[in-house]
Amino acid sequence: IYTGEDTLSLHDALPICNQPEIFPINFHAGDGKIYFRTAAGTKLSEIAVNDRLAFEADETGTDGGWSVIAKGRAHILTGTREIAAADELPLRSWVPTLKYDYVELAVDEISARRFTFGPEPDRYGNQ
């Protein structure tokens, strides 16, 4: 299980005014759920109206990489106990901003790919 402690490219995707939007986020994943913190604004407003969310995390190295896409239902945490539990997760913002709201994504669909880098095949079959 990836805990979001390394540097990755990661995003959540929401439809805003019938247009797809992608936001960079910090996250923690475990037990079929993905958690992230956010501040009041576009993400929270849209989740309140449409709880379906897509999430992507990617990582690359010198020899290859991987990509995971998860989809599910998002829930803004409001209960005292669930917020206290989320406070214990290793969710650290990359920028020094206050983010008081937690979102839990209950994953119901997931796909992943692992890639090995190499030379591109010759397009025309020449040797």
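Name the residue, out of Leu91, Leu98, that is modelled with pLDDT under 95 and closer than 13 Å to Ile34 by Cα.
Unique residue meeting the criteria: Leu91.
Before we move on, is Ile47 among the hydrophobic types (A, V, I, L, M, F, W, C), at pLDDT 90 or above, out of contact with any helix residue (DSSP H, G or I) (no Cβ under 8 Å at 6 or more places or on another chain) and within 23 Å of Ala85 (Cα to Cα)?
no
If only one of Leu77, Leu53 is within 28 Å of Ala112 (Cα to Cα) and modelled with pLDDT of 95 or more, which one is it?
That would be Leu77, the only listed residue that is within 28 Å of Ala112 (Cα to Cα) and modelled with pLDDT of 95 or more.
Spot the failing condition for Gly72; the list is (1) touching a helix residue (DSSP H, G or I) at 6+ places or on another chain (Cβ under 8 Å); (2) closer than 30 Å to Phe115 by Cα, and only one is missed.
(1)
Just checking, how many residues over the range 49-59 are in a strand (DSSP E or B) and free of Cβ contacts under 8 Å to residues at least 40 places away in the same chain?
The number of residues fulfilling the criteria is 1.
Table: residues versus (1) in a strand (DSSP E or B); (2) in contact (Cβ under 8 Å) with a residue 40 or more places away in the chain; (3) polar (S, T, N, Q); (4) open to solvent by 100 Å² or more (accessible area, probe 1.4 Å).
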site: Ile83; (1), (2), (3), (4): no, no, no, no
site: Leu91; (1), (2), (3), (4): no, yes, no, no
site: Trp94; (1), (2), (3), (4): no, yes, no, yes
site: Tyr102; (1), (2), (3), (4): yes, yes, no, no
site: Val107; (1), (2), (3), (4): yes, yes, no, no
site: Ser111; (1), (2), (3), (4): yes, yes, yes, no
site: Phe115; (1), (2), (3), (4): yes, yes, no, no
site: Glu120; (1), (2), (3), (4): no, no, no, yes
site: Arg123; (1), (2), (3), (4): no, no, no, yes
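The values are calculated or read from the model by the stated rules, or taken from the named source; none is laboratory data. Here the structure is a predicted model, which means the values were calculated and not measured. Heads up, the Cβs are rebuilt from the backbone with ideal geometry, glycines too, and the neighbour counts pull from every protein chain shown. The area values use the complete protein model at the heavy-atom level, side chains included, leaving out ligands, DNA and RNA. Shrake-Rupley method; radii C 1.70, N 1.55, O 1.52, S 1.80 Å.
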